[in-house]
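Contents: one structure, followed by commentary.
Throughout, read-outs are computed from the coordinates displayed, never taken from laboratory work. Note that the coordinates shown come from a computational prediction; the quantities given were computed from them, not determined experimentally. Neighbour counts are summed over all protein chains in view; Cβ atoms, including those assigned to glycine, are modelled from backbone coordinates with ideal geometry.
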Amino acid sequence: MYLYFVSWWRRASRWTRTQAGDDLHGEHELRPATSFTVEADDELHCGGFGEFFGDLKTSRKSFWVLEDSQRLSRTVKCMLKLKPLLKNFLQCEIGNGKSVSFWFVNWCGLGPLIDLLGASGPRQLRVHKDALVSHATLDGDWRMPAARSNAQQLFMAKLTSISPPNDLKGDDLFLWKRLSCTFAKFFSSKETWQQIRHHSPLVSWHKAVWFKEAVPRYSFIAWLAFQGRLPTKDRLRSWGLDVPASCVLCSNGIETHHHLFFDCPFSATIWEAFAAKFWPSPPSGLLPISVWILQARSPPRAASSQSVTIVKLILQAACYLIWRERNARIFTNDATTSAALQASLDRTLRDRLLSLPGSPSSSSSLLASYFGCILFPF
Ligand SMILES: [Zn+2]
């Protein structure tokens, strides 16, 4: 959904990037004069932002009144599903009133009027459901019938404090909701993501899996392993699959997460060979290992930040290579020896550390720190 949100925004506004960085975490200026409309043939047309929200030509339907239909593409369908979210994120300061939907955009500070006045609002105020704000004026003044409900009275009272749209005021100014709940003319995809994503409680081991120097595909496997979500044989059997329970790495134990990481003699040999070069007595078991790593900077070990980073990389690369080896033995009958897997881990770490710049606070690079502890073959 988030990607469609960004996709929608990119299509709807020709944003200008105002700072370098990842597209998904950048901050983009809202360009009020740009957007697209959805035509009957379901093509997306870049045009005015105002058109996007309020085109009234009979051959076209504005985004706000367009209903879901089998004729629409999946992209447009997903964008239509975002309508309920948009009303919380979008506000508008009235300029000439020629690009703002009267009913569906919060331009008066009371939220979208269709929510305040209900489905009968357009009939009672004699303002069409597809109207723009400029259509609710006559000779430079608001054109409204007498209020007939408390909600209408509230709206009329608010209207007295809003000056009618005027060409001299320029284009309407669209604003986007920020993390601070204020509205600004910039769209920040990072802040938007923070507002729409589901927030789960932090787990104690997250810094052992997700860190700046991590390799994403290694982190992903380690993340699954920490949560016990890899399809290990014990889980497959619990789902009713008829598979042998034994570990393919050592042929002795029962394959579980606890066994693979790192109770299995095969796995333990690889993990301990590298981790023990940094600090003595590395534990087995992912949770004890995460505690062991994350407390390493405290006394009595007072380890350097570089060695913590390297051991975290060793952990996630070992998880990845062991899981890959397990899969290779099951699905392709290819078996690698423990020594060969250690060589593979060493090469993987060297490649990764070589690509990382040195820390300004440290005189030696991560790779130099690695070689200070590990010279493979042992
Ligand atoms: Zn085993």
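A few comments on the model shown:
- Segment 206-373 - charge dipole about Cα centre, Lys and Arg +1 at Cβ, Asp and Glu -1, debye rounded to 20: 400 debye
- Interchain or long-range residues, amide H under 5 Å from Ser188's placed H: His28
- Under Stokes-Einstein, with the Kirkwood radius over Cα pairs as Rh, the value for segment 206-373 at 20 °C and 1.002 mPa s is 129 µm²/s.
- Here the 3J(HN,Hα) profile of segment 306-316, calculated from phi with Karplus coefficients 6.51, -1.76 and 1.60 at θ = phi - 60°, is 5, 5, 4, 4, 5, 5, 5, 5, 4, 4, 6 Hz, Gly and Pro shown as x.
- In sequence order, calculated HN-Hα J values of segment 250-257 (Karplus, 6.51, -1.76, 1.60; Hz; x Gly/Pro): 10, 6, 10, x, 8, 6, 10, 4
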